[in-house]
1. Against the conditions (1) touching a Leu at 6+ places or on another chain (Cβ under 7 Å); (2) in a strand (DSSP E or B), where does GLY261 fall short? Just the number, please.
2. I need the full set of residues from segment 429-459 which are among the hydroxyl-bearing types (Ser, Thr, Tyr) and either touching a Leu at 6+ places or on another chain (Cβ under 9 Å) or at pLDDT below 95 (or both), in order please.
3. If you go through segment 220-232 one residue at a time, do you hit one that is crowded, with 17+ Cβ neighbours inside 10 Å and charged (D, E, K, R)?
4. Would you confirm whether any residue within segment 491-501 is in contact with an Asp or Glu (Cβ under 6 Å, 6 or more places away or on another chain), in a strand (DSSP E or B) and over 23 Å from ALA605 (Cβ atoms)?
5. Could you tell me whether any residue of segment 303-320 is within 30 Å of ASN155 (Cβ to Cβ), assigned by TED's automatic domain parsing to the domain that holds SER81, touching a strand residue (DSSP E or B) at 6+ places or on another chain (Cβ under 7 Å) and part of a strand (DSSP E or B)?
6. Just checking, which of VAL127, VAL78, VAL97 is surrounded by fewer than 18 Cβ atoms within 10 Å (Cβ to Cβ), modelled with pLDDT of 95 or more and among the aliphatic types (A, V, I, L, M)?
7. Anything in segment 300-318 that is surrounded by 20 or more Cβ atoms within 10 Å (Cβ to Cβ) and charged (D, E, K, R)? List them, or say none.
8. Limited to segment 426-476, what total is found for residues that are hydrophobic (A, V, I, L, M, F, W, C) and surrounded by fewer than 18 Cβ atoms within 10 Å (Cβ to Cβ)?
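The values are calculated or read from the model by the stated rules, or taken from the named source; none is laboratory data. Bear in mind the structure is a predicted one, so any value in this text is a computation, not a measurement. Reconstructed Cβ throughout: ideal geometry from the backbone, glycine too, with neighbour counts over all protein chains shown.
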Amino acid sequence: MGISKRSLLRYAPFSGYSLSLSLLLVGMLTSTGVAQTTPSESAPFNGLGILADESIPQGDSNEARISEDVSFSPRFGVGYSTSGAGFDAFTSFEGFVPLLQNAGSNLTFLEGRLLWSTNNSTLGGNVLLGHRFYSSSDNRIFGGYVSYDNRNTGNAVFNQIGTGFESLGENWDFRINAYIPVGDTRQVVEENVSDTGLSVSAPFFTGNFLSFVGETSRQINRRLEAAMAGFDFEAGAKIASLGDSGDIRGYAGLYYYDANGSDEILGWRTRLEVRPTDSLRLGLSVQDDATFGTNVVLSVAANFPGSRPRGSRNQTLARMGESVARQVNIVVDEQFESETIRDRFTVLATNPNTNEPYFFQHVNLDAQVGNGTFELPFGTLQDALNVVKSDNIIYVQPGKNLTEIPAFTLPNNVAVLSTAPVQNINGVVLPLSGAGVQPIVTGGVTLGNNNTISGFAIANPNGAGITGNNISNPTIRENAIANTATDGIRLDNPTGKVTISNNNFSNIDGNGISINTANTQSELVIDSNIITRDISGFGFTGIKIVAGDDTVTTATISNNQISESMFRGIQIDALGNSQTLLLVESNTISGSQFNGITINADENAQISTSVRLNTLTNNNIVGAFGGGEFDAQTYSNSSVCLQLDNNKSTPSTNGEDYNLANNNVGGSTFQVEDTLATNTGTVTENPAPLDFPKVPRGTCGFP
């Protein structure tokens, strides 16, 4: 059954992979009916639908006469090519379908390929509409085409429009092809994001807040694939003939490609094409450029049936049915790019106890009327106290005139800090802090609950320098307290955690630090204070703690320096069923009129204590109450468990170095860990060593 040219046009689809497959099917179905002769001479068909051999009269040598007898049939082909510049190795399934032909004059054809990548098993393809005409005067074929190409790299899919021009002759050829990617021509196929750092500026004040400027940076590494636009051209000539229809041809040419994000590519290519028969093509090409380097490409293809019609004696005209020589794969360049993204942000310092930003009331004692912001601070501390709210911080600059601050009372949950010491809040050093000049307070300071006072010089109060009665969680640090009428710091019945650290005491007419408790639970931390020689008045001590009725106390007294107090350096009295866990460690005490360290347990009180690594020098100058550098005693059914470990004592003016006394033998107990030999100086046990049971290290609750 014959198929008309109109039918061929109607049934030739024009899209993607289905087009390529359809072309192959159409080629096979129509292989028995498209090859035609002129109306005047009907040639018999062979079984495959190709023109059978036909005898031409010897006397008829006219070229045009021969051309009238030539027509072309559909064909099917398969091929393979190794990888080259910008494409992987692939297998191709080809179809060629003549659409319109004027025997011996022109040919319009459809050519399709299904391309299967052997590297990643992906499919691509192209479809090409071409037209060729034969010039008998030049004995040449001239042609052109437009094409649509598709490629799936396994990571991305690209599309391309192609066009080209060709001139084919018996002895030499010329071709030029252009490739224009369309659609999404550059695609990200892999992306990795990594955080490369976080930087935070020094803190700064804005308004009533403490702010930071931060910057995060991210490194984004991308791998992209880009379809490259370009063109190529080549010229070549026949090198040799092989049999009746075969030949060897050589070509040389240049190619140019470019894509967004890629370097321009200008390369050269030479190739050798061998057709041993009309149905078999072999190819070898060598190409080189700066991007893809040198590539050697081998190819092989077979057509069924052949591309040249039998019975044609015009070898040039017979080439009208050859496949178009072009780059059938879209050239894709692999690209890498790196991008650093920096994000700046401003954040406010946040109070972890409230999860709200810290709120500062600023005071500069040189300022006039202000509103408490950093830019316009209050001029007096009292102005800030009048408006301060719970969890606020009052931040005081002394100013150049050193205006004095009168006595004041702190509301609950407020901190008052000066710029004198380095102020550190949750690891953040406050701006302006560390200036070294303390604002002067001429009067006493009264604390409320959860107060912090830091960085003030408290002088000449009528009573104690700092007082607190029935308060919880006070922090008193880095203050200078001088010339008090009574104690330097006096706290009665505090609860929670009490921190007293890095304060300096001088000219105190009372105890340097005095803490009295009854019916409370508290944790006392007294660390790194300096209490100097001018504590005056009989019975006044550097650090004195009285744990009264039913008190549960944990106390750490460490790293303090106490010199020349008028009574004792450190004194701990436990009374009335109280329970005390006491660590006295690494203190330096010298020149006390009486004992350097005294521990007394009375009225059913219990003390477990470690006294270690202290340096006691020339204490107990008066010696009126006996004892020595260190004195520990029990009374009235009380109990003591003592670890006395690695203390250093110089011979005291009066008494012993270390005096242990059990004054209620049979009623009180006094256990001593077996660490006495680690101390420098002598240990005296009264009434007798048998009254002090020896227990292993660690029994008293300390390592």
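1. (2)
2. SER433, THR446, THR452, SER454 - these are the residues of segment 429-459 that are among the hydroxyl-bearing types (Ser, Thr, Tyr) and either touching a Leu at 6+ places or on another chain (Cβ under 9 Å) or at pLDDT below 95 (or both).
3. Yes: one or more hits.
4. Taking segment 491-501 as the starting set, the residues that turn out to be in contact with an Asp or Glu (Cβ under 6 Å, 6 or more places away or on another chain) are 497, 501.
Retained after the next criterion (residues that are in a strand (DSSP E or B)): 497, 501.
Subset that is over 23 Å from ALA605 (Cβ atoms): 501.
Within segment 491-501, one or more residues are in contact with an Asp or Glu (Cβ under 6 Å, 6 or more places away or on another chain), in a strand (DSSP E or B) and over 23 Å from ALA605 (Cβ atoms).
5. Taking segment 303-320 first, the residues within 30 Å of ASN155 (Cβ to Cβ) are none.
Looking for residues that are within 30 Å of ASN155 (Cβ to Cβ), assigned by TED's automatic domain parsing to the domain that holds SER81, touching a strand residue (DSSP E or B) at 6+ places or on another chain (Cβ under 7 Å) and part of a strand (DSSP E or B), one finds none in segment 303-320, hence no.
6. Numbers: VAL127 fails: surrounded by fewer than 18 Cβ atoms within 10 Å (Cβ to Cβ); VAL97 fails: surrounded by fewer than 18 Cβ atoms within 10 Å (Cβ to Cβ).
Residue meeting the stated conditions: VAL78.
7. Once the filter is applied, which keeps residues that are surrounded by 20 or more Cβ atoms within 10 Å (Cβ to Cβ) and charged (D, E, K, R), segment 300-318 yields only ARG308.
8. Going through segment 426-476, the residues hydrophobic (A, V, I, L, M, F, W, C) turn out to be 428-430, 432, 435, 437, 440-441, 445, 447, 453, 456-459, 464, 466, 471, 476.
Subsequent filtering for residues that are surrounded by fewer than 18 Cβ atoms within 10 Å (Cβ to Cβ) retains 428-429, 432, 435, 437, 440.
Residues flagged as hydrophobic (A, V, I, L, M, F, W, C) and surrounded by fewer than 18 Cβ atoms within 10 Å (Cβ to Cβ) within segment 426-476 amount to 6.
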